[in-house]
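Participant: Okay, here's the structure, questions in a sec.
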Amino acid sequence: MVDKSEKFSWLVRVGYFSRAILYTMIGLIALTAAGKVSEGSDGIFRAIDDFPGGPVLLGVMAVGLIGYALFRLCSPLFDIENEGGNATGWAKRIGHAGSAVGHLLLAWSAYKFATAEAPQSGDGAQQAAAGVLSYPFGGTALALLGIAFFFAAVSQARKGITGSFMRRISAGAPAVTKTLGSVGYCARAAVYAVIGWSLIKAGWFSEGADEVRTLGDALADLAGNTVVFQLVAAGLLVFGVFSLILARYRIIPDIRKEDCLPAALA
């Protein structure tokens, strides 16, 4: 019989598989049809929806991205990956929180496309940001989320440079895994920094929800510099391949069944 921890582990692996599809598509579309990537993440999901069986794949992606987001939320809540309670540890955990929110928004977009309820105009993330801005202190909430994305960007860059991510990958992974991960993490750091800055501008500088960037939008913003754009686009494609390896070889921490705390903290 499969226990809750093992079920959660499989859900997270589906999340990594979903992330692999998403980043691979972003990289491919950016490199082969640069103009289309400016449609944002909704443009990526629309492209997947056009494939045979696309709605089914989007449904799987929605579930997987939710699983991945929950996995990331376990970091700030329970320190599932044992980052620690010092300043460095909390910076990483806050970055994971930003990643969780971003992937929940992506899961929502995937679900809307899978159920043929996708918005005809506008971007889902921008609509969500407009909703947040309508509340008191909504601007501050968006800006704080932007700061979380900056923490995530720094963490991604550090992983790419140091290769520290290999500690959480099984020894059976292909030898090329470290190279793929280093390239991919550095590319994602650039995109996360753009997303973070867009949230801060929308929240604290009153530039409105239209300023908020998704993965596709953030990459499109780099198109002014052709070399940087192509390098980051290729890096995101590589990150998609790397995520596919993680779906198989990522070490998922055990969750204690009684109260969903990691075994190391039980």
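Participant: Obtain the nm distance between the two label points defined at T179 and F51 by a simple spin-label model: each point lies 7 Å from its Cα along the Cα-to-C-beta direction.
Facilitator: In this crude spin-label approximation the distance works out to 2.6 nm.
Participant: A follow-up question, please. How many times 2.2 N^0.38 Å is the alpha carbon radius of gyration of the chain?
Facilitator: So the chain has a normalised radius of gyration of 0.97.
Participant: How much of the accessible area of the chain, probe 1.4 Å, is carbon plus sulfur, in whole percent?
Facilitator: Details: 7930 of 12140 Å².
Reported share for carbon and sulfur atoms: 65 percent.
Participant: Label-point separation (nm) for I251 and F205, each offset 7 Å from Cα along Cα-to-Cβ?
Facilitator: 4.2
Participant: Principal axis lengths of the range 69-188 from Cα atoms, whole Å, largest first?
Facilitator: 45, 35, 24 Å, listed from the longest principal axis down.
Participant: Among all helices in the chain defined by DSSP H, which have a length of 18 Å or more along the axis from Cα atoms plus a Kyte-Doolittle mean of at least 1.6? Intermediate values should be presented prior to the final figure.
Facilitator: On the way: long enough: 4-32 (42 Å, 0.68); 54-78 (35 Å, 1.68); 87-114 (40 Å, 0.35); 138-162 (36 Å, 1.12); 177-204 (39 Å, 0.69); 226-249 (34 Å, 1.95).
Answer set is 54-78, 226-249.
Participant: Per residue, what accessible area does the chain have, given a 1.4 Å probe and all protein chains present, in Å²? Mind showing how you got there, number by number?
Facilitator: Details: 12140 Å² over 266 residues.
It amounts to 46 Å² per residue over the chain.
Participant: If you count, for each residue, the other Cβ atoms within 10 Å and average over each peptide, how do 175-182, 240-247 line up from highest to lowest? It would help to have the intermediate numbers written out before the result.
Facilitator: Details: 175-182: 16.4, 240-247: 21.4.
Per-residue Cβ counts within 10 Å, averaged per peptide and sorted highest first, yield 240-247, 175-182.
Participant: Which order, highest average first, do 211-220, 96-105, 7-16, 131-140 follow once you tally other Cβ atoms within 10 Å for each residue and take the mean per peptide?
Facilitator: Working: 211-220: 24.5, 96-105: 22.3, 7-16: 18.9, 131-140: 13.0.
So the peptides 211-220, 96-105, 7-16, 131-140, ranked by packing, come out 211-220, 96-105, 7-16, 131-140.
Participant: Follow-up. Show the residues, 5+ positions off or on another chain, whose built amide H is closer than 5 Å to the amide H of I251.
Facilitator: I169, S170
The values are calculated or read from the model by the stated rules, or taken from the named source; none is laboratory data. Since the model is a prediction, treat every value here as computed from it, not as a measurement. Because the Cβ atoms are built from the backbone with ideal geometry, glycine has one as well, and the counts that use them run over all protein chains shown. Only protein heavy atoms, including side chains, enter the accessible area calculation; ligands, DNA and RNA are left aside. Shrake-Rupley method; radii C 1.70, N 1.55, O 1.52, S 1.80 Å.
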